[in-house]
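Notes follow the structure.
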Amino acid sequence: MTLRLGLGVFGMQAVPQRPDHHVKLYRDLLEDADLAEALGFDSIWLSEHHFWFDGYCPADIAAAGAILGHTRRLGVGTAVMLLPMHSVEKVAADASTMSRLGEGRLSLGVALGYRDAEFDGFGVRRKDRGKLMDSMLPRLADACRDANPPVRLYVGVATAIAAERAGRLGLPLFADSTMTAAELRTMLDAYNQAAATAGVTPPAAHALQRDVFVTDDRERDWAALLPELRYMRRQYGGWSLPQEPAESVPDYLGRLEADIEAKLKNLILGDTAMVTARLREFESLGFDLIVCRSQFGNLPRDLLRRAIEGLGRVRAEVSM
């Protein structure tokens, strides 16, 4: 098994600390795709969310099309598309067309979604999301297999239940960046059991997202990254862990802070050798594609470029 590295994840957000114009942010995306292709990355990955003040990318397939038209070899993936908020027929048609235009370089990562505001905005009941995935995922899988060229389809997961859904269909996983090695093993066990029960042959390997930053000066870059990481994790934490009706504000903030601190521990921060060794550990679990998130919201351009170039050195190591 050859370990491939993807670069991620890009949401083109105009964060408060750097409120860039969105025209510039999408131009920056193409510049980053150029660099990723020049450094030999397998792929670049886009993220989707809706109804958020920073303009978080609401149309990842459209953005993917821009990259596919701008590059010649680089793969492009969605990490992840929120499938219950879309028409599966429209997603399938768009993906099939993009696959033809991009000569097979498009991959789709899809998942449930979790933000109440997004489900409300699309007129979908959040409690129906599991049933919707059960209905939509087999149809999308069939369409992706029938596309010419075929579209690689991954199922974004952060729980064993979601992994079991993918396992019943024999679809490869796209595991969330917040999962520990122990949680990943539990999830893979659930996946394999579900696949065996359904009588399907599971794929040889899966994909994983991980927060990664390559640096030769850990102290310097940790000081620069910490505010960015905390902002990003506070945003995602607030979305996935809303305040309970009877919960006081101090109790809620304490719970949110504890979640932020736990998620920060998953960051892989170090030099080329250290990062390479850590990624090899995940390869040994059965992941042949690791999408390295080095874009934490909207990093300063010089800091992000240094991170991408560092990951390029890691990519050269793991491809040997």
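The values are calculated or read from the model by the stated rules, or taken from the named source; none is laboratory data. Values in this document were obtained by computation on a predicted structure and should not be read as measured data. Cβ placement follows ideal geometry from the backbone for every residue including glycine, while neighbour counts extend to all protein chains displayed. Side chains are part of the model used for accessible areas, which takes the heavy atoms of the whole protein and leaves out ligands, DNA and RNA. Shrake-Rupley method; radii C 1.70, N 1.55, O 1.52, S 1.80 Å.
Taken over segment 50-64, the residue count meeting the criterion of being touching a helix residue (DSSP H, G or I) at 6+ places or on another chain (Cβ under 7 Å), farther than 18 Å from residue 296 by Cα and open to solvent by 20 Å² or more (accessible area, probe 1.4 Å) is 1. If you go through segment 27-58 and keep only what is aromatic (Phe, Trp, Tyr), within 14 Å of residue 68 (Cβ to Cβ) and more than 18 Å from the chain's Cα centre (by Cα), you end up with nothing. Checked against the criterion of being of a type in the set (Gly, Ala, Ser), open to solvent by less than 30 Å² (accessible area, probe 1.4 Å) and in a helix (DSSP H, G or I), the candidates 92, 117 yield just one match: 92. Counting just the residues of segment 179-213 that are closer than 27 Å to residue 254 by Cα and surrounded by fewer than 14 Cβ atoms within 10 Å (Cβ to Cβ), which one comes out farthest from the chain's Cα centre (by Cα)? The residue in question is 182. If you go through segment 35-49 one residue at a time, do you hit one that is in a helix (DSSP H, G or I), open to solvent by less than 10 Å² (accessible area, probe 1.4 Å), closer than 21 Å to residue 174 by Cα and among the aliphatic types (A, V, I, L, M)? Within segment 35-49, one or more residues are in a helix (DSSP H, G or I), open to solvent by less than 10 Å² (accessible area, probe 1.4 Å), closer than 21 Å to residue 174 by Cα and among the aliphatic types (A, V, I, L, M). When restricted to residues that are assigned to a helix (DSSP H, G or I) and either under 19 Å from residue 294 (Cβ atoms) or in contact with a Phe, Trp or Tyr (Cβ under 7 Å, 6 or more places away or on another chain) (or both), segment 261-278 contains 9.
Can you find even one residue in segment 158-173 that is within 30 Å of residue 306 (Cβ to Cβ) and either small (Gly, Ala, Ser) or touching a residue at least 40 places away in the same chain (Cβ under 8 Å) (or both)?
Kept after step one, since they are within 30 Å of residue 306 (Cβ to Cβ), are these residues of segment 158-173: 158.
Within this subset, residues satisfying the condition of being either small (Gly, Ala, Ser) or touching a residue at least 40 places away in the same chain (Cβ under 8 Å) (or both) are 158.
Within segment 158-173 (the criterion being within 30 Å of residue 306 (Cβ to Cβ) and either small (Gly, Ala, Ser) or touching a residue at least 40 places away in the same chain (Cβ under 8 Å) (or both)), the answer is yes, since at least one residue qualifies.
From the list 30, 25, 108, 5, the one residue that fits, being assigned to a helix (DSSP H, G or I), open to solvent by less than 20 Å² (accessible area, probe 1.4 Å), of a type outside the set (D, E, K, R) and modelled with pLDDT of 95 or more, is 25.
Can you name every residue in segment 149-182 that is part of a loop (DSSP other than H, G, I, E, B) and at negative phi? 149, 150, 151, 158, 159, 171, 172, 176, 177, 178, 179, 180 - these are the residues of segment 149-182 that are part of a loop (DSSP other than H, G, I, E, B) and at negative phi.
Checking each residue in segment 279-310 for being part of a helix (DSSP H, G or I), open to solvent by less than 20 Å² (accessible area, probe 1.4 Å) and farther than 15 Å from residue 179 by Cα picks out 303, 304, 307, 308, 310.
Only residues that are of a type in the set (Gly, Ala, Ser) and without any contact (Cβ under 8 Å) to a residue 24 or more places away in the chain were counted across segment 24-54, and they come to 1.
You will find that of 235, 243, the residue that is of a type outside the set (Gly, Ala, Ser), open to solvent by less than 60 Å² (accessible area, probe 1.4 Å) and outside any strand (DSSP E or B) is 235 and no other. With the structure loaded, tell me whether residue 216 is open to solvent by 50 Å² or more (accessible area, probe 1.4 Å) and outside any helix (DSSP H, G or I) or whether it fails that test. The answer is yes for residue 216.
I'm trying to understand the selection: among the residues of segment 8-22, which are open to solvent by less than 30 Å² (accessible area, probe 1.4 Å) and either out of contact with any Asp or Glu (no Cβ under 7 Å at 6 or more places or on another chain) or not in a loop (DSSP other than H, G, I, E, B) (or both)? Don't jump to the end; show me each part of the working.
Taking segment 8-22 and keeping what is open to solvent by less than 30 Å² (accessible area, probe 1.4 Å), we get 8-15.
Within segment 8-22, 8, 9, 10, 11, 12 meet the criteria.
In segment 123-148, which residues are within 30 Å of residue 103 (Cβ to Cβ) and either in contact with a strand residue (DSSP E or B) (Cβ under 6 Å, 6 or more places away or on another chain) or part of a helix (DSSP H, G or I) (or both)?
Restricting attention to segment 123-148, the residues satisfying the condition of being within 30 Å of residue 103 (Cβ to Cβ) are 133, 136-148.
Answer for segment 123-148, where residues must be within 30 Å of residue 103 (Cβ to Cβ) and either in contact with a strand residue (DSSP E or B) (Cβ under 6 Å, 6 or more places away or on another chain) or part of a helix (DSSP H, G or I) (or both): 133, 136, 137, 138, 139, 140, 141, 142, 143, 144, 145, 146.
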